Amino acid sequence: MYRKILLCYDGSEEGRNALKEGAETALCMHADAHLLAIIRNMSGANVPESFSETFFDNQQQAAMRILQEGVEWLQARGLTAQGHLVFGNPIEHIVQCARKLGVDLIVVGHRQRSRLARWWSDSEGATLLEQAPCSILVAITSAVTSKTHGPDR
């Protein structure tokens, strides 16, 4: 059913849970996995003047480490996995990447409403659910699940 799966991963507990559930789904379906890390744009009036180019370089390096960690975790489980790093609006990039790669399933993590809102809607009110070109799996992290069944660290 699923040939290509897009996993949205940020290194958080919720992201790790989504990575685990997405990996299990990909293994069962013999699907390719694509890992997407998104760095939100911090340009314009919302950026404090104290933020330097070094801050943004460090943010990019941290995102690359998280992305590489996720790709290695997937590959260690026998999956064909590729990583993608983008900058900007999460919903816009999830939708664009899903279309470009022709994925059959998008996997995102969720813990509380505010976390899910990050993936479900952007500043203009557009929602991932309305724009996604395929099915979406929302991996829910509960206190019990994350302590006893979370992915390896």
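The numbers here are math on the coordinates, done by the rules we state, and not lab data. Small disclaimer: the values here were computed from a predicted structure and weren't measured. Counting neighbours? That spans all protein chains shown, and the Cβs are built from the backbone with ideal geometry, glycine included.
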Rounded to the nearest 0.05, what FRET efficiency do Arg99 and Arg40 have when you use their Cβ-Cβ distance and R0 = 22 Å?
0.60
At 0.36 nm per residue, minus the direct Cα-Cα distance, what do Gln75 and Gln60 gain on full extension? Give it in nm, one decimal, please.
3.2 nm
Within a 10 angstrom radius of the beta carbon, how do Met1, Met64 rank from fewest other beta carbons to most?
Met1, Met64
Residues whose built amide H sits under 5 Å from the amide H of Lys4, excluding neighbours closer than 5 in sequence, are Asp32, Asp104, Leu105
Compute the signed sum of charges (Lys and Arg +1, Asp and Glu -1) over the other residues within less than 13 Å, Cβ to Cβ, of Tyr2.
-2
5 angstrom amide H check on Ala139, placed H, neighbours 5+ away
Val108, Gly109, His110
